[in-house]
Amino acid sequence: MPLYDLALGDYPHAWVRIACRDCQRYGCYRSTGLVARFGCSITLFDVLDKLVIDCWRWNWQMGDPGEPCGVYFIDQPWQWRPSHGCAIV
């Protein structure tokens, strides 16, 4: 399963860290807070959409594949330990 199709409730870290290769944007969010805010079934792609909605490159990317946004999840799957499901603490 591609990373961005993964449900937030299956994200195995206590913190969700994102960064951008282009604008140096950085964010660190508690996964429990994001689950409380968006629910555990939302995909990681949709979480990104909600967190970077004010980025002009993200909005451009969503409508036209011109200059793409460089946002990514810092903690990649090969760094993950086994999933804890929606009960992340």
Legend entry - Volume in Å³ per residue [convex hull over Cα atoms, computed for region 3-76]: 86
Inset, instruction - Would you kindly state how much longer the chain becomes between residue 5 and residue 41 on full extension, computed as 0.36 nm times their sequence separation minus their alpha carbon distance, in nm to one decimal? - result: 11.9 nm
Inset, instruction - Taking the Cα centre of region 3-76 as origin, sum charge times position over the Cβ atoms of Lys and Arg (+1) and Asp and Glu (-1), and report the length of that vector in debye to the nearest 20. - result: 300
Legend entry - Distance (nanometres) between label positions extended 7 Å along Cα→Cβ at residue 13 and residue 72: 1.3
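Every number in this text was worked out from the coordinates using simple rules, so none of it is lab data. Please read all numbers here as calculations on a predicted model, not as lab measurements. As a convention, Cβ positions derive from the backbone with ideal geometry for all residues, glycine included, and neighbour counts pool all protein chains shown.
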